[in-house]
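These notes are about the structure you will find just below.
The values are calculated or read from the model by the stated rules, or taken from the named source; none is laboratory data. All values reported here derive from a predicted model rather than from experimental measurement. Heads up: the accessible areas ignore ligands, DNA and RNA and are worked out on the full protein's heavy atoms, side chains in. Shrake-Rupley method; radii C 1.70, N 1.55, O 1.52, S 1.80 Å.
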Amino acid sequence: YFEVVLAGIHLGTYQHGDDNLEKVVQQVLDEVPGLGRLRISCIEPMAFPIELADIAKRNPRLAPHFHLPLQSGDDRVLKRMSRPYRAQAFQDILNQIRDRIPHACLGTDVIVGFPGETDEEFERTYDFVARSGLNYAHVFSYSDRPGIPSTRMRDKVGSKTIKERSRRLNDLSTELWSTYLDKQIGQELDVLTLKQLKKSTTQLEALSDNYCPVFLEDSSYNSNVPLRVKITHRSNAHLHGSVVTS
C-alpha cells in the first residue's frame, strides 16, 4: 500500500521506552521501504506534539492533514466535559500548525447539546469554529449512554434544539470545506487513486495528501496509484482534476 494511516487510542501520548509518537513517525518515514505516505489519525489537542508539524513541513511523505477534536468552543462546556484544555489553548495549537504548514488541512469533532449547553455557549462554539482556521468539523449530537457521568447531569438539551444546532454547525462545516477546496483550484496536488465511481465508468476517485477528495476523468488507473494532478474545478464537496504525471 502506498499510504498507511497510523491510528490509536490517545495516540499523542504514545510512549515506549525512550520512543514517543514523533520519534516513531520519523523512524517509519526513514526506515519503512516503499512507503509513499504516512497519515496520522485523530490526536487529542493537548497531546498533539508540534514536532509532527515540523516533520510534515520538511518531509512531504507525512500528510499535511491533522484532526484534533475540539468538542466545544466554550470553556464552561469544556469544563463540564472534564476536557483538560480551553478554547484559547486549542486555538494556539492550530496557529502553530498553520504557521508551519499554511496549506495543511485541519479538522475537528464537535458535540452539540451537551447537558446544560445554553444558547450563548453554543454560539461561542459556532463562532470559534467559524474563525479558528479549521477546514471542517464532524458534528455529533449528544445522547445519553449507560455508565457515562454526563448521563446523570441535569438540564438536558431538547432534541429539537440539538437538531437545529447540529444543522447550523453542519452548514458551517460545509462552507469551511468548500472554501478550503476552492483554494486548491489551479493547484497541483499529490493524490492516491482509490476506486472507480459506481455511478460512472469514466471517473476515478482519489484522495490528496491534504485530504481532498478528487475525481479524475481518466479511469484507466488501478487503485493505490500515486498521481500528480492539476485541480480544475469543484463540484459540491469534491474536486475535479486532470493527471499531470504518474
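Of note:
- Checking the Cα-Cα distances for LYS163/LYS195; LYS57/LYS183; LYS79/LYS156; LYS79/LYS160; LYS195/LYS230 against a 26 Å cut-off, the pairs over it are LYS163/LYS195.
- Difference of contour (0.36 nm per residue) and Cα-Cα distance, MET81 to ALA47: 10.5 nm
- Using only Cα coordinates, the Kirkwood hydrodynamic radius of segment 44-115 works out to 12.9 Å.
- Compared with the alpha-carbon gap, the fully stretched path from SER223 to LEU194 is longer by 10.0 nm at 0.36 nm per residue.
- Panel values: the chain, Kirkwood radius from alpha carbon pairs, Stokes-Einstein at 20 °C and 1.002 mPa s, translational diffusion coefficient 110 µm²/s.
- Our estimate of slack between ARG154 and THR118, defined as 0.36 nm per intervening residue step minus the Cα-Cα distance, is 11.7 nm.
- Average accessible area per residue (Å²) across the chain - probe 1.4 Å, nucleic acids and ligands excluded: 52 Å²
- Rounded to the nearest 10 degrees, the inclination of helix 21-31 to the longest alpha-carbon principal axis of the chain is 10 degrees.
- What a 1.4 Å probe finds exposed on segment 97-143 is 51% carbon and sulfur by accessible area, rounded to a whole percent.
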